[in-house]
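**Student:** Mind looking over this structure? Questions follow.
Every read-out reported here was derived from the displayed coordinates using simple, explicitly stated rules and does not represent laboratory data. What you see is a predicted model, and the numbers here were worked out from it, not measured in a lab. With ideal geometry, Cβ positions are generated from the backbone for all residues, glycine too; neighbour counts draw on all protein chains shown.
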Amino acid sequence: MENIKVLTIEDDEGLNRGISYALEQEGYTVLCARTLREGSAIYEKENPDAVILDLNLPDGDGISFCRKIRKFEGDNTAENKGRTAVLMLTARDLETDEIMGLTSGADDYMTKPFSLSVLKVRLQNILSRRSAASDPAEGAEAYTDDGLMKSGDVVLDTKTFRVFCGETELDLSMTEFRLVQYFLENKNQALLKEQILQRVWDIDGNFVEENTLSVNISRLRKKLGGSYIRTIQGIGYLWEDKG
């Protein structure tokens, strides 16, 4: 993780230090801020690869700052500004907060308290997607310019949080939506059950059972009405791309 700069904007000093220490052990260069004002100044000066952003801060909210980042990137495309990976944190476990965070342009979302091990996996995942998106050979197949992801008859819209199978809009829960999104980001790749649990659910080791995943996969299969999701016995699941 050398030369990858991560900006943490979190007003809880203990949590900020804990995140910083955990990421530094992985080789990241970590820049710390406790307010939006500090974070904004560091962001503009350092142009970090990723931002770990608290939703509620003493001088404002993370949603407005995330939108500022995305607008800055959009206004500076001619200067080849890369997309900053944004992982949003919040103390409130509300679906409305999750939707607001993701629709503001955040790549992922975690509810406090959380495992630092899971945070590291989440960060690595969104950094990997960011890297792939900057490589035309890889990223073009994951996301289109208008935020769509496609596989066969399935189309996922990352801007409106809608999924279609053919001309039919699927009635998906947020968890099912995130499952489809994760599968489409990794088409034709075997995903371990542990990987999926870490990516889609906030877990701290073992309180989310594998049965939770299998139940959600079963429901998703019925809604998709096809054979997109294949079980790999003893390992996990694979999304078979239908072209």
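**Student:** Checking the cross-link filter: which lysines have an alpha carbon closer than 19 Å to that of Lys150, excluding same-chain neighbours under 8 positions apart?
**Tutor:** Once the sequence-local lysines are set aside, what remains near Lys150 is Lys159, Lys187, Lys222, Lys223, Lys242.
**Student:** Order 40-52, 160-172 from most to least packed using the mean count of other Cβ atoms within 10 Å.
**Tutor:** Highest to lowest by the protection proxy: 40-52, 160-172.
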